[in-house]
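First up is the structure itself, then whatever we jot down about it.
What follows is calculated from the coordinates using simple rules that are stated; it is not laboratory data. These numbers come from a predicted model, not from an experiment. Glycine gets a Cβ as well: all are built from the backbone with ideal geometry, and neighbour counts include every protein chain shown.
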Amino acid sequence: MFKKILIANRGEIACRVIRTARKMGIATVAVYSDADAGALHARTADECVRIGGAASTDSYLRIDRLLEALAATGAEAVHPGYGFLSENTEFAEALAERGIVFIGPGAHAITSMGDKITSKRIAAAAGVNTIPGYEDVIEGPDHAVAIARKIGYPVMLKASAGGGGKGMRIVQDDDECRAGFERAANEAQSSFGDDRVFAEKFIEQPRHIEFQIIADRHGNVVHLGERECSIQRRHQKVIEESPSPFMDPDTRQAMGEQAIALARAVDYASAGTVEFIVDGDKNFYFLEMNTRLQVEHPITEMVTGQDLVELMIRVAAGEPLPLTQDDVQQNGWAVESRVYAEDPSRNFLPSIGRLVRYQPPVENTRVRVDTGIEEGSEVSMFYDPMIAKLATWGESREAAIETMGEALDAYYIRGVNHNISFLGAVIAHERFRAGRLTTHFIDEEFPDGFQADRLPDGSANVPVIAAAVVHQARTARAAEISGQTRRFPRAAIEDWVVVINQARHAVRVTAIDNGFTVRVGEADHQVVTGWQPGELLFRAQIDGAPVLAQVDVEGAGYKLFHRGAEVSALVLTARGAELAGHMIEKAPPDLSRFLLSPMPGLLVRLRVQAGDKAEAGEELAVVEAMKMENSLRAANDVVVKTVLAQEGDSLEVDQPILEFE
């Protein structure tokens with residue numbers, strides 16, 4: 001077994017590998033960029049080595065710097081994590097030349113499965129179901145249109161070297177095909193240094209179901225069951241679960257056998273994932289194979305009891321698998337939510353900044369948090385904005401989902417925008433709970449974007465009661481402060497008006513042993529709570545049901561977060577509520593004369609100059625963020641008055657790019 005390994009990655013996956021290596025008694029070496037100096041993964045490892053500047057192209061993608069770190073530390077093997085160089089044949093071969101073990105599959109498997117066109121041919125030859133399409137490289141926009149017409153719209157254009165949703169476009173007609181080809185090729189070149197694009201039939205109402213495989217160098221291959229990954233946005237997975245609610249034993253066996261057949265076809269030896277697209281009739285087709293540890297591997301570990309990182313390390317050290325297919329048992333259900341620094345109210349734009357408060361839910365046998373950050377950490381513009389992976393387990397799907405809802409309510413993050421409320425809304429959605437999933441779920445259920453003021457059924461009174469109790473407790477505390485003016489003592493009254501979304505709720509809050517009685521309208525509610533002013537989480541039993549909500553003091557009121565809803569509440573006296581009704585709301589500034597950058601990013605293209613006219617829908621600029629190109633188009637017919645930014649400029653959120661007449 002290895003004595004020391006280097007982790008060629010950062011963030012949560014580096015911390016994840018370190019955790020297992022430490023359990024196995026293996027010393028670890030972390031690498032870090034200038035942006036990650038002092039990061040959690042660098043401090044957690046036994047040794048750490050600086051490998052370059054903040055940009056990944058100057059650090060985590062620098063093979064030469066990683067080789068230097070290996071030489072300096074004497075590490076015998078490298079775990080690449082996911083992303084960066086995890087599926088880079090050149091890196092694997094450079095390690096082999098120096099006698100250093102790559103904790104992953106062989107170069108042949110990486111090369112074969114890393115190219116979408118080649119992998120599809122190999123899959124077909126191995127007897128794996130494949131999607132109808134054009135397997136050769138598309139030569140240009142007109143060629144793409146000709147191919148799409150032959151396949152039949154809708155068609156998926158995909159980067160041959162792609163992954164993670166980059167270099168991928170769904171096109172419905174010739175115009176979309178020409179524009180989509182150009183955008184897919186540009187993203188592919190930017191992300192992978194390879195602008196080849198191919199096409200295949202787009203399967204409508206699809207599910208994304210993948211199989212986890214593990215293979216050794218002695219010819220043994222097993223699968224560890226499936227993961228349902230259909231909850232996606234822009235082809236990026238958002239929520240995953242294992243097993244799939246759609247699966248039956250016969251389909252599971254057939255898909256598992258094909259996944260194993262593909263692994264054998266390329267002499268696979270490590271952990272890998274074979275992804276399938278499945279239609280409503282349970283017909284399934286090969287999508288791609290990821291020759292690395294998958295982001296969502298924790299849910300497989302939670303239902304099988306296997307440590308995939310440990311298995312990868314043991315396989316790389318030459319050991320045979322310690323289990324057979326008959327040994328693989330799925331126990332219960334697991335769900336994973338990807339927590340990102342992004343703003344769901346602004347079309348999920350990335351958010352950067354420092355986490356001024358960070359309190360994850362408490363981990364136990366049912367709750368797992370994989371993260372590489374802590375309070376005070378900074379979410380940088382240079383890397384993926386993932387904060388953590390939150391996974392929960394239960395004896396049943398319903399139990400795992402309920403635990404996920406509670407864990408999301410307990411996940412407290414301030415300083416950057418995040419998607420926790422959106423994740424909570426998805427988890428609480430009736431269609432999700434019923435298991436009626438497709439990869440179009442988010443587009444279909446949130447067609448107008450995410451509205452954070454929607455409470456799930458049965459929770460309408462929770463923010464009213466919580467705000468009233470919190471305010472009563474804070475008022476009672478304030479009344480106990482000594483030295484108050486005698487003529488104006490702060491009295492702890494019981495009658496209040498809670499104002500939420502302009503709706504007024506008359507409440508009476510009466511203190512009792514271990515809590516309060518709260519009358520809302522004509523109904524009394526028993527609230528058992530020990531909440532004290534200053535606590536971030538409001539935990540209570542309301543009429544016997546457990547409730548957890550986040551409570552922030554917001555000006556003269558409160559902001560409450562519960563089950564995917566974000567609610568602002570004012571708690572006023574009856575007279576205060578009457579006067580508040582006469583207050584004039586401040587009108588927001590008119591920014592319609594400007595084209596604003598919707599995210600922090602790089603202005604890669606500017607299509608117009610001062611004096612130019614543009615029609616509604618015409619592209620005005622392209623901003624690149626997280627290696628994704630975002631087209632900014634005119635909302636109306638406009639005339640450009642002033643150009644306020646230039647190509648190559650780094651933009652902040654809401655920074656003006658153009659001013660219109």
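Numbers at a glance
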quantity	calculated
Centre separation in Å (Cα based) which lies between the range 291-317 and the range 1-39	16 Å
Under-5 Å amide H pairs with Glu296, H placed in peptide plane, nonlocal only	none
Residue-wise HN-Hα coupling along the range 69-78, computed from phi with Karplus coefficients 6.51, -1.76, 1.60 (Hz; x: Gly, Pro)	5, 5, 5, 6, 9, x, 5, 8, 8, 10
The chain, relative contact order in percent, only Cα pairs under 8 angstrom and at least six apart counted	9 percent
Net dipole in debye of the range 419-471 [+1 Lys, Arg Cβ; -1 Asp, Glu Cβ; about Cα centre; nearest 20]	200 debye
Highest average packing first - 108-115, 504-511, 531-538, 588-595, Cβ atoms within 10 Å	108-115, 504-511, 531-538, 588-595
Neighbourhood charge, 13 Å Cβ-Cβ cut-off, centred on Leu572 and excluding it, Lys, Arg +1 and Asp, Glu -1	0
Per-residue Cβ neighbour rank within 10 angstrom, fewest leading, Val498, Val604	Val604, Val498
Sequence of Leu603, Leu293 once ranked by neighbouring C-beta atoms within 10 Å, starting from the fewest	Leu603, Leu293
Under-5 Å amide H pairs with Gly435, H placed in peptide plane, nonlocal only	none
Positive dipole terminus of the chain, leading residue within Val78, Pro298, Ile18 (C-beta point charges)	Ile18
Positive-pole candidate from Ser244, Ile420, Val369, dipole of the range 208-445, charges at beta carbon	Ile420
Per-residue Cβ neighbour rank within 10 angstrom, fewest leading, Thr20, Thr118	Thr118, Thr20
Between the range 226-252 and the range 107-172, the Cα center-to-center distance that results, in Å	22 Å
Within the chain, helix-based [θ] at 222 nm, where runs of 4 or more DSSP H residues each add -39,500 (n - 2.57), nearest 500	-8000 deg cm²/dmol
Order by protection proxy (mean Cβ within 10 Å, highest first), peptides 329-340, 273-284	329-340, 273-284
Selection of GluC sites (Glu not before Pro), the range 1-104, meeting DSSP coil and at most 11 other Cβ within 10 Å	none
Karplus (6.51, -1.76, 1.60) ³J(HN,Hα), θ = phi - 60°, over the range 259-276, in Hz, Gly and Pro reported as x	4, 5, 4, 5, 4, 5, 5, 10, 6, 6, 8, 2, 7, x, 10, 9, 9, 10
The range 307-379, dipole about Cα centre (Lys/Arg Cβ +1, Asp/Glu Cβ -1), debye to the nearest 20	320 debye
In sequence order, calculated HN-Hα J values of the range 203-208 (Karplus, 6.51, -1.76, 1.60; Hz; x Gly/Pro)	7, 7, 6, x, 10, 10
Proximal charge balance of Asp495 [Cβ under 12 Å; K/R count +1, D/E count -1]	+2
Environment charge at Lys282 (Cβ cut-off 12 Å; Lys +1, Arg +1, Asp -1, Glu -1)	-2
Flagged links, alpha-carbon separation over 29 Å, of Lys237/Lys586; Lys116/Lys282; Lys4/Lys389; Lys201/Lys237	Lys237/Lys586
Label selected from [x] 39, 29, 28; [y] 74, 47, 26; [z] 45, 32, 26, the criterion being semi-axes √(5λ) of the Cα gyration tensor in Å as computed here	[z]
Residue among Ala8, Ile512, Ala580 farthest towards the positive dipole end of the chain, charges placed on Cβ	Ile512
Lys, Arg +1 and Asp, Glu -1 on Cβ, resulting dipole of the chain about Cα centre, debye, nearest 20	1480 debye
Built amide H within the under 5 Å cut-off of Val101, gap 5+	Ala77, Val78
Set of lysines with alpha-carbon distance to Lys613 below 30 Å, sequence-local pairs under 8 removed	Lys627, Lys641
